[in-house]
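In what follows, a structure is listed as structure tokens, so that the remarks can point back to it.
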Amino acid sequence: MFGHLKKGRREMLRARPFPAGWRRVLEEKFPLYLRLSESDRRELEAHVQVFLEEKRFEGCGGFKITDEVRVVIAAQACLLLLHRETDYYPSLRSILVYPHTFVFKTRRREEDELTDPGVRSRLGLSGHGAVVLSWSATLAGAAEPADGTNLVLHEFAHQLDREDGAVDGAPMLSANGIRERHYRYLVWARVLRAEYERLRQDSETGRETVLDEYGATNPAEFFAVATECFFEKPRQLKKKHPALYDELRRFYRQDPVNFAWPASPEP
């Protein structure tokens, strides 16, 4: 019963006319929006309306939440949802936005012992129930759609990864039946493990790569970094890492080469 009510409410939200002011924000602040096909723009707008209705935005460090802030973040987050069955990041309730970097206290585990809390400056953080973002970094990521760096895509890739209960670089893969699902996970694991190890080796030897070296941190960060590269440097990724590109294309059900910004010189 409740599932039918939620589905009906979301259908009503998606059918609402998209506010002209919100569309102007996307045209001015998120240039990748204009490179999408007409049908994809309409689908993205529909997802944004659901997302904004269901998620709570909170300003931190004196930052004020405006419609521009909400729409720019929502559009980038919802880009990852196009063409896919989605429950709109079901464990996510709040998006916390700081004006710039923020300080996050951490505990590091060494040899199974928790050390004293440390302090780290962060641009973004993705956890259970919340995503934390720097607005300056969010705006820069939206404005530069071909530099391979996008904070919102990165943190919301972590949210997709989290949907199966583990943040391990292996998100929930759609398939028809148990056998196909098993096969898809085997292929995903083989390809991404090999590409992760390749990035680790490239990072250790100082070899230039289209993927950001931060992806060598662990498999979860590799998936998030690969997602950024997939949407922002798809031509370079497809050329240099075709198997990885193909797995991401199957997962996201998109082919960003079709709407990518003109390619910059390749590393």
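Only one of these conditions is not met by ARG184: (1) assigned to a helix (DSSP H, G or I); (2) at pLDDT 95 or above. Which number is it?
(2)
Test GLU53 against the stated conditions and say whether it is more than 18 Å from the chain's Cα centre (by Cα), at pLDDT 95 or above and within 20 Å of VAL69 (Cα to Cα).
Here the answer is yes, as GLU53 does meet what is asked.
Grab the strands (runs of 3 or more DSSP E) fully contained in region 109-163, keeping just those with 1 or more residues being modelled with pLDDT of 90 or more and open to solvent by less than 50 Å² (accessible area, probe 1.4 Å).
By residue number, 124-127, 130-134.
Show me the helices (runs of 4 or more DSSP H) found entirely inside region 1-93 where at least 2 residues are touching a residue at least 40 places away in the same chain (Cβ under 8 Å), buried (at least 17 other Cβ atoms within 10 Å of the Cβ) and out of contact with any helix residue (DSSP H, G or I) (no Cβ under 6 Å at 6 or more places or on another chain).
Result: 38-54, 67-79.
The values are calculated or read from the model by the stated rules, or taken from the named source; none is laboratory data. Nothing here was measured: the structure is a model prediction, and the numbers come from that model. We place every Cβ from the backbone using ideal geometry, glycine too, and count neighbours over all the protein chains shown. Ligands, DNA and RNA are stripped out before the accessible areas are found, and what is left, the full protein with its side chains, is counted by its heavy atoms. Shrake-Rupley method; radii C 1.70, N 1.55, O 1.52, S 1.80 Å.
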